[in-house]
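I have placed the structure first, in the form of structure tokens, so that the comments after it can refer back to it.
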Amino acid sequence: MINVGIIGFGTVGTGTAKILLENNDVIEEKTGLQINLQNIADLDIERDRGLKIPEGVLTREVSDVIDNPDIHIVVELMGGIQPAKDFILRALNNGKHVVTANKALLATEGNEIFEAAEKNSVSVGIEAAVAGGIPIIKVLKEGLVANRILSIYGIINGTSNYILTKMTEDGIDFSDALKEAQSLGYAEADPTLDIEGFDTAHKLTIISSLAFGIPLSYDKIHIEGITKLTLQDIEFAGELGYKIKLLAITKSVNGEVELRVHPTMIPENYLISKVDGVLNAVYVMGDAVGETLYYGRGAGDMPTGSAVVSDIVEIAGDIKNKGGSSHGIEFIGKRSDLKIKAIGDIESMYYFRFTALDRPGVLSRISGILGNYNIGIAAVIQKGRRAGAAVPLVVLTHKARERDVQKALQEIDRLDVVADRTAFIRVEGEETEGLND
Ligand code: HSE
């Protein structure tokens, strides 16, 4: 019998407890493992979670879980950095295996947590920290272990994807779409984490470390959220045959790793463009397997609980077979010292929306500057005719270097015929490596 204790009885804690109580027979039938939910610790043990918890399981004392000699696996589902970090370290130093869904903690403090686990020869299960119910951690650790990973593209924040889908399909503005996403319970307690791209970056930190063996490198990610996107840009993207998604991108290019989170235009006929609403998807390209795509629910009590329990079962199997070990930890940040590419060095296609005066010669002045920086034009749209007034002038480029793009835009924005700061969005597709349809 493997005894499990949960700390944090919120949404995911409730889903996890429900699965452990109600699917216990299925797990035992499939694996032969008997898993016992011994304790759940939370300050609030009165609130009705719609679940019948057996007598004696609930406790207000976290030490009933993390210092309890009978408990083999501690499941941290309280979220936040502290006191979650101290509780996890205490459990690891007590020789307990830990399962956590805490992506913010893993991304920012994970190197210390994995070191403590290794020192104590125990495991840290992190399946639930990325893309909820999609088993992307096991894909990278096991399913695709034979591959050199070439690129990963993820839609891994349901709240942002929901907002972008609503803006695209219903033409509603950003703040109304955010309110709807919050009412559905997908947003983080602080929605800034979702809409500014930080939650996506937390998850990308973990995926890139597994994929490329680099240390957890949250502070090296280029992060842009979706708060500056306008309905106008979404509509122009549609006219050009693209959707806008908040993508987590990591790829290995010429011995360097790209790590970036930003709104990205992708051709609307690509499979990943069709991932809408709160759903998540992760596209992984490996050198042996080619392209693969994983799709499902990235948040919510039961999908995330499903991922938590899969880690519990894996660790329980390790305990039964081998007495437990720090299996899988070698994947995190130990295998390579690949350099992270500066954002200025990346190459991408670009969408620009200039606010330019509708006057003869303006396009040639703008295209002249783009040409000076080696930026080729693939398509142009100008909407409306208001002689002498400012109108949107949209340009789609061929592949160009970001540093050149930044310099060109600074020069263009200083022109007297340009009335406002130019909007720009990176475009992935036909000319960029790493993402196919
Ligand atoms: N706020 C996150 C999301 C929850 O919207 O995807 C899951 O990490």
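The values are calculated or read from the model by the stated rules, or taken from the named source; none is laboratory data. As the structure is a prediction and not an experimental result, all values here were calculated from the model. Every residue, glycine as well, gets a Cβ built from its backbone with ideal geometry; the counts of neighbours run over all protein chains shown.
Within the range 81-136, the set of residues being closer than 22 Å to Glu61 by Cβ, within 16 Å of the ligand (Cβ to nearest atom) and out of contact with any strand residue (DSSP E or B) (no Cβ under 9 Å at 6 or more places or on another chain) comprises Ile81 only.
Just to check your reading of the model, which residue among Gly277, Gly298 is of a type outside the set (A, V, I, L, M, F, W, C), touching a residue at least 24 places away in the same chain (Cβ under 8 Å), within 15 Å of the ligand (Cβ to nearest atom) and surrounded by fewer than 17 Cβ atoms within 10 Å (Cβ to Cβ)? Walk me through it before giving the result.
Details: Gly298 fails: surrounded by fewer than 17 Cβ atoms within 10 Å (Cβ to Cβ).
So the residue among Gly277, Gly298 that is of a type outside the set (A, V, I, L, M, F, W, C), touching a residue at least 24 places away in the same chain (Cβ under 8 Å), within 15 Å of the ligand (Cβ to nearest atom) and surrounded by fewer than 17 Cβ atoms within 10 Å (Cβ to Cβ) is Gly277.
Condition check ((1) under 12 Å from the mean Cα position of the chain (by Cα); (2) at positive phi; (3) in a loop (DSSP other than H, G, I, E, B)) across all residues:
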site: Pro215; (1), (2), (3): no, no, yes
site: Lys228; (1), (2), (3): no, no, yes
site: Ala237; (1), (2), (3): no, no, no
site: Val261; (1), (2), (3): yes, no, no
site: Ile266; (1), (2), (3): no, no, no
site: Asp276; (1), (2), (3): no, no, yes
site: Ala288; (1), (2), (3): no, no, yes
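Residues considered: Gly154, Gly171. Of these, the only one that is surrounded by fewer than 15 Cβ atoms within 10 Å (Cβ to Cβ) and either farther than 28 Å from Pro135 by Cβ or at pLDDT 90 or above (or both) is Gly171.
Within the range 227-241, identify whether any single residue is in contact (Cβ under 8 Å) with a residue 40 or more places away in the chain and within 30 Å of Asn111 (Cα to Cα), and answer yes or no. The answer is no, given that none of the residues of the range 227-241 is in contact (Cβ under 8 Å) with a residue 40 or more places away in the chain and within 30 Å of Asn111 (Cα to Cα). If you scan the range 347-406, which residues turn out to be within 32 Å of the chain's Cα centre (by Cα), free of Cβ contacts under 8 Å to residues at least 60 places away in the same chain and in a strand (DSSP E or B)? The answer is Ile377, Ala378, Val395, Thr397, Ala400, Arg401.
Residue-by-condition table, conditions (1) of a type outside the set (A, V, I, L, M); (2) surrounded by fewer than 24 Cβ atoms within 10 Å (Cβ to Cβ); (3) on the phi < 0 side of the Ramachandran plot:
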position: Pro69; (1), (2), (3): yes, yes, yes
position: Val74; (1), (2), (3): no, no, yes
position: Gly80; (1), (2), (3): yes, yes, no
position: Leu89; (1), (2), (3): no, yes, yes
position: Val122; (1), (2), (3): no, no, yes
position: Ile126; (1), (2), (3): no, no, yes
position: Gly132; (1), (2), (3): yes, no, no
position: Val145; (1), (2), (3): no, yes, yes
position: Leu150; (1), (2), (3): no, yes, yes
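In this structure, is Thr159 in contact (Cβ under 8 Å) with a residue 60 or more places away in the chain, outside any loop (DSSP other than H, G, I, E, B) and within 12 Å of the ligand (Cβ to nearest atom)? Against the criterion (in contact (Cβ under 8 Å) with a residue 60 or more places away in the chain, outside any loop (DSSP other than H, G, I, E, B) and within 12 Å of the ligand (Cβ to nearest atom)), Thr159 qualifies. Residue count for the range 366-392, restricted to those that are more than 28 Å from Asp345 (Cβ to Cβ) and at pLDDT 95 or above: 0.
Here is a list: Ile207, Ile244, Ile221. Which entry is of a type in the set (Val, Ile, Thr) and within 16 Å of the ligand (Cβ to nearest atom)? Only one candidate passes the filter, namely Ile207. Scanning the range 175-189 for residues that are more than 10 Å from the ligand (Cβ to nearest atom) and either within 27 Å of Glu258 (Cβ to Cβ) or part of a loop (DSSP other than H, G, I, E, B) (or both) yields nothing.
Is it true that Asp437 is assigned to a loop (DSSP other than H, G, I, E, B), free of Cβ contacts under 8 Å to residues at least 24 places away in the same chain and of a type outside the set (A, V, I, L, M, F, W, C)?
Values: assigned to a loop (DSSP other than H, G, I, E, B): yes; free of Cβ contacts under 8 Å to residues at least 24 places away in the same chain: no; of a type outside the set (A, V, I, L, M, F, W, C): yes.
Spelling it out, it is not the case that Asp437 is assigned to a loop (DSSP other than H, G, I, E, B), free of Cβ contacts under 8 Å to residues at least 24 places away in the same chain and of a type outside the set (A, V, I, L, M, F, W, C).
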